[in-house]
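First the structure, in the form of structure tokens, and then the observations on it.
Computed from the coordinates by the stated procedures, all read-outs in this text should not be read as laboratory data. Just so we're clear, the structure is a prediction, and the values are computed from it rather than from any experiment. Neighbour counts are summed over all protein chains in view; Cβ atoms, including those assigned to glycine, are modelled from backbone coordinates with ideal geometry.
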């Protein structure tokens, strides 16, 4: 099963706290997770930390974790923090879902 989490706005502390329960629960259950970032133009350390923790949790429990539609800013932050190699990155939700569903 794949869970799609779509932050409703920029991934800052407030939004990270809003999506944390759904994201971490899915990851802890070993479900495949796609985070659709199409509404996220800016990400701060809280948002980045949540994505890293959720990715690690999903991996630990046998789930896959993908980021869909990251903005240029998000890609730059991931690259600057040397995290771009950690995440499976896709241009849109459909590509992420296809990859996650076909790689299992």
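Observations on the model:
- Residues 97, 23, ranked from the fewest to the most other C-beta atoms within 10 Å, line up as 97, 23.
- Computed over region 2-102: relative contact order in percent, which uses C-alpha pairs under 8 Å that are six or more apart: 30 percent
- Each of 33, 52 was scored by other Cβ atoms within 10 Å of its Cβ. Arranged with the fewest first, they read 52, 33.
- Read-out log10 I(q)/I(0) by the Debye sum over Cα atoms at q = 0.15, 0.18, 0.25 Å⁻¹, derived from the coordinates shown; its label in (1) -0.65, -0.83, -1.28; (2) -0.51, -0.76, -1.55; (3) -0.80, -0.96, -1.24: (2)
- Order of 93, 53 - criterion: other Cβ atoms within 10 Å of each residue's Cβ, fewest first: 53, 93
- At R0 = 25 Å, FRET efficiency that the Cβ-Cβ distance of residue 46 and residue 95 yields, to 0.05: 0.40
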